[in-house]
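The values are calculated or read from the model by the stated rules, or taken from the named source; none is laboratory data. Owing to the predicted nature of the structure, the values given are computational and were not obtained by experimental measurement. Please note: Cβ atoms are built from the backbone with ideal geometry, for glycine as well, and neighbour counts cover all protein chains shown.
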Amino acid sequence: MYRSLIRTSARQLASACPVAARGFAAHATPQPFNWEDPLNAQSLFTEEELAISETAEAYCQERMLPRVLDAYRAEHFDKKILEEMGELGLLGATIDGYGCAGVSNVASGLITKAVERVDSGYRSGMSVQSSLVMGGIDEFGTQEQKDMFLPGMAKGKILGAFGLTEPNHGSDPGAMETTAKPHPTKKGYLSLSGSKTWITNSPIADVLLVWAKHHETGKIRGYLVERSECPPGTLETPAIKNKNGLRASLTGMIHLDECPVPEANMFPDVEGLRGPFTCLNSARYGIAWGITGALEDCISRARTYALDRKQFKNNPIAKYQLVQKKLADATTDAAFGTLACVQVGRLKDKGEAAPEMISMIKRQNCDRALWNARILQEIFGGNAVSDEYGIGRHVANLFVTQTYEGQSDIHSKFLRLLPNVLLEADIWKVLFSAELLREYRPLCRRKKTYTGV
Ligand SMILES: Cc1cc2nc3c(=O)[nH]c(=O)nc-3n(C[C@H](O)[C@H](O)[C@H](O)COP(=O)(O)OP(=O)(O)OC[C@H]3O[C@@H](n4cnc5c(N)ncnc54)[C@H](O)[C@@H]3O)c2cc1C
C-alpha cells in the first residue's frame with residue numbers, strides 16, 4: 001500500500017516537474033555509507049574548517065599518537081606538545097589577534113576532536129591553556145594583561161592553569177575559601193591565601209588564573225598569579241600522582257600562603273561566578289567535541305579488533321550480531337554527538353548559544369562516550385586489560401571527562417523543566433552566573449503555580 005502510493009507520487013511529480021523528479025530519483029539511489037562519518041557531518045564544514053581539521057588530525061596522528069602510550073605509563077606530560085600546538089596555531093584558536101588564528105567555533109571543535117582522538121589528557125592540557133586561561137584573559141583581562149600573556153600563550157611558551165576547585169568545594173565553587181586581602185607590607189599588592197586541588201597543568205604552569213574572594217565585597221574575582229614573581233614559600237604546586245585516568249596530563253594542587261599578587265593582575269570588572277563559568281562554558285563546549293574523537297577512536301579500534309579476532313568455526317567476532325550492536329550503538333552516539341556540536345558551534349559563532357545548550361552537549365556526549373567505550377571494551381575480551389590496545393586508557397580518561405567541569409549529574413540540572421529542579425537554586429548557581437540567574441527569576445516565581453512542590 002505504502003509502496004504504490006510512493007510510486008504514484010513519484011510519477012505525479014515526474015509529470016508535473018521533471019527536474020524535481022530526477023532529483024528525487026537520484027536521492028532514491030542508495031548513497032555510499034561511511035561508517036567513520038555516518039551522517040556526513042563533513043558536508044556541514046567549510047573548506048577552511050576541513051583544512052584545519054586535516055592539519056590537526058595529521059599532527060595528532062603523526063606526532064602525538066606515537067608518544068601517548070609511554071606518557072600514559074610514566075604519568076608524564078611533555079610540555080613541548082603545547083609548543084608544537086602553538087607553532088601550528090592550535091592554541092586559543094578562536095581568539096582574534098595576539099598571534100591566535102581567529103577561527104570559527106566549529107573549527108576549534110574539530111581541533112579539539114583531533115587531539116582527544118589521541119588522548120583526553122592532551123586535550124585537557126590544551127583546553128586549560130586555550131579556553132580556560134587564554135579565553136578568560138581575552139574576555140575579562142585588561143589590555144596590559146592581554147598584551148603580556150596572550151602572545152606567549154598562543155605560542156605555548158607561557159603555560160597556564162585554571163584554579164577554581166578546592167579540596168572542600170568542587171561542585172559548589174561559590175562556597176570557595178580562597179581569599180584576596182590587601183598585602184600587609186607590599187603597597188599595590190593583594191595577598192592570596194587558600195588551596196586549590198585537581199588543577200590541570202598546575203605543576204608546570206607559568207601563570208595561574210586563580211579565583212578567590214575579594215576582601216571588600218566577598219565576591220569571586222580572577223587573579224593572574226605569575227610563578228616567577230612569587231617569593232619562595234608563597235606558592236606551591238605539588239603534582240597529584242598515581243592517577244588512574246588522564247595520566248598523560250599533569251594534575252596538581254595550588255597552595256597559596258599570603259602570596260603577593262599585584263592589583264594590576266586582577267581582572268578589572270568581572271565579579272561572581274560569571275567569570276569562571278564563562279571560561280568553563282567554552283571549555284565544556286570543547287569537551288563535548290573532544291570526547292566524540294575519543295569515542296570514534298574506540299569504535300575504530302574495536303572494529304579492527306572484531307574483524308581480526310576469530311572465535312567459533314574461525315568466524316571473525318564482527319560477524320556476530322551482539323558485537324555488531326555494540327558498534328552500531330557507539331557509532332550512532334558519536335554521529336549524533338558530532339551533529340549536536342556543529343549546531344551549538346554555529347550558534348556560538350552567532351552569539352546565540354545558551355549555556356544550557358553547552359551543558360546539554362557536554363553531559364550527553366560525555367555520558368554516551370563513557371557508556372559506549374565501556375561496552376566496546378568488552379569486544380577485546382582479555383586483551384582489553386592490556387594497555388597496548390588503547391581502549392582501557394580511553395575508558396579511564398572518559399570517566400574524568402564525565403566528572404570534571406561539572407559532573408554529569410550536576411549538568412542534568414540544566415533542564416529546569418521539572419518543578420523540583422526549580423527548587424534547587426544552589427545547583428543553578430553551580431552552573432550559571434548571577435546574571436543568568438536574574439533571567440531565571442520569572443521562571444522561579446512561576447514555580448509557585450505548580451502543585452505538589
Ligand atoms: C584529572 C582532573 C583534572 C581537573 N582539572 C581541573 C582544573 O584544571 N581546574 C579546576 O578548577 N578543577 C579541575 N578539576 C576538578 C573537577 O572540576 C572537580 O573534580 C569536579 O567539579 C567535581 O568536584 P568534586 O571532585 O569536588 O566532587 P563533588 O562536588 O564532591 O561531587 C561528588 C559527587 O556528588 C555529586 N553531587 C554533588 N553535589 C550534588 C547535588 N547537589 N546533587 C546531586 N549530586 C551532587 C556529584 O555529581 C558527584 O557525583 C579536575 C578534576 C580531575 C579529576
**Study point:** Subset of the stretch 356-415 that is more than 16 Å from the ligand (Cβ to nearest atom) and part of a loop (DSSP other than H, G, I, E, B) - its residue that is farthest from residue 305 (Cα to Cα)
**Key:** 386
**Study point:** Hits in the stretch 341-357 - residues which are of a type outside the set (A, V, I, L, M) and without any contact (Cβ under 8 Å) to a residue 24 or more places away in the chain
**Key:** 343, 350, 351, 352
Check your understanding: What are the residues in the stretch 88-114 that are touching a strand residue (DSSP E or B) at 6+ places or on another chain (Cβ under 6 Å) and either hydrophobic (A, V, I, L, M, F, W, C) or buried (at least 19 other Cβ atoms within 10 Å of the Cβ) (or both), if any?
Key -> 89, 92, 93
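Looking at the stretch 144-200, which of its residues are within 16 Å of the ligand (Cβ to nearest atom), among the aliphatic types (A, V, I, L, M) and in a helix (DSSP H, G or I)?
Pass one, the stretch 144-200, residues within 16 Å of the ligand (Cβ to nearest atom): 153, 159-178, 192, 194-200.
Filter again for among the aliphatic types (A, V, I, L, M), leaving 153, 159, 161, 164, 175-176, 192, 199.
Scanning the stretch 144-200 gives 153, 175.
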Exercise for review: Report, by residue number, each residue of the stretch 235-252 that is within 11 Å of the ligand (Cβ to nearest atom), of a type in the set (Val, Ile, Thr) and crowded, with 16+ Cβ neighbours inside 10 Å.
Suggested key: 251
Exercise for review: Can you tell me which residue within the stretch 210-234, out of those that are at pLDDT 95 or above and of a type in the set (Ser, Thr, Tyr), is surrounded by the fewest Cβ atoms within 10 Å (Cβ to Cβ)?
Suggested key: 228
Practice item. Output the number of the condition that residue 254 fails; it satisfies all remaining conditions of (1) touching a helix residue (DSSP H, G or I) at 6+ places or on another chain (Cβ under 7 Å); (2) in a helix (DSSP H, G or I). Key: (2)
